1. If contacts are Cα pairs under 8 angstrom and at least 6 residues apart, what is the relative contact order of the chain in percent?
2. In nm, to one decimal, how far is the Leu20 label point from the Arg45 one, both placed 7 Å along Cα→Cβ?
3. Can you say what percent of the DSSP beta bridges in the chain, counting only those with both residues inside, are antiparallel? Round to 5.
4. Starting from the Cα of Thr154, step 7 Å toward the Cβ, then list every residue of region 90-126 with an amide N under 14 Å from that point.
5. Over all distinct alpha-carbon pairs, what is the Kirkwood Rh of region 8-183 in angstrom?
6. What order do you get for Tyr79, Tyr112 when you list them from fewest to most C-beta neighbours inside 10 Å?
7. Between Arg92 and Ala123, 0.36 nm times their residue separation minus their Cα-Cα distance comes to what?
8. At 222 nm, what helix-only mean residue ellipticity would the chain give, in deg cm²/dmol to the nearest 500, using -39500 (n - 2.57) for each DSSP H run of four or more?
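Laboratory data are not the source of any read-out in this text; all were calculated from the coordinates shown. The structure displayed is predicted, hence computed values, not measured ones. Positions of Cβ are backbone-derived with ideal geometry, glycine not excepted, and every protein chain shown enters the neighbour counts.
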Amino acid sequence: MFASGAGSNLQAICDHLDGLGATAPAELVLVVSDREHAPALERARVRGAEAVWVPKDQAHTLGQLLARHEVTLVALAGYLQLVPAEVTTAFRGRLLNVHPALLPSFGGRGMYGERVHRAVIAAGARVSGPTVHFVDENFDEGAIIAQWPVPVRTDDTPATLGARVLAVEHRLYPWAVAAVAAGNVRLGASGRVEGAPEFDFDIFTPEPRRHPFAG
């Protein structure tokens, strides 16, 4: 996993995989951060995974690092740098990200964290929510795996909206990572997402069990 900050999505994914026990389709072996003291690196150490600081000007070494650790799937968890083309090419269909808005709106370079939620509110949007997508060479433009709507309230601030979206990310992203790792969801040769089985959880309400924004 690549992370620049606290790594709450990293923790959510690890907790989800732990909960799957022997049926877990993946295990955490490496956490990379562009920030030397990112809390995400400490989360990795606590779990016994390798934690590596790779400064922005050393990003060209990421491909070698992944190969050395025999990584087969990469999940970005609040990673703020553009992944080198060498990595996006080598990991096509095996590199995921979660964005805190419903792409293709409110994405692109510089759109992360509170900036996204501020833009959503300023635009007068009534619905936001996380998007899980495959990563390509451009910010937030890869094929969409799943989305989940989060209502925007009239009294929302970027902080309150962000907290609700993050809570949904912690459910949706682990599901998507596990589904891709298990081969149940994949990026087809045409560039479209294939698979996308029914979600096996409810986020806020008991119905619908099958969410229409999947795949």
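1. 18 percent
2. 2.8 nm
3. 55 percent
4. Of the residues in region 90-126, 126 have backbone N under 14 Å from the label point off Thr154.
5. Hydrodynamic radius (Kirkwood, Cα pairs) of region 8-183 is 16.7 Å.
6. Taking fewest neighbouring Cβ atoms as first place, the list is Tyr112, Tyr79.
7. 7.9 nm
8. It comes out at -9500 deg cm²/dmol, rounded to the nearest 500.
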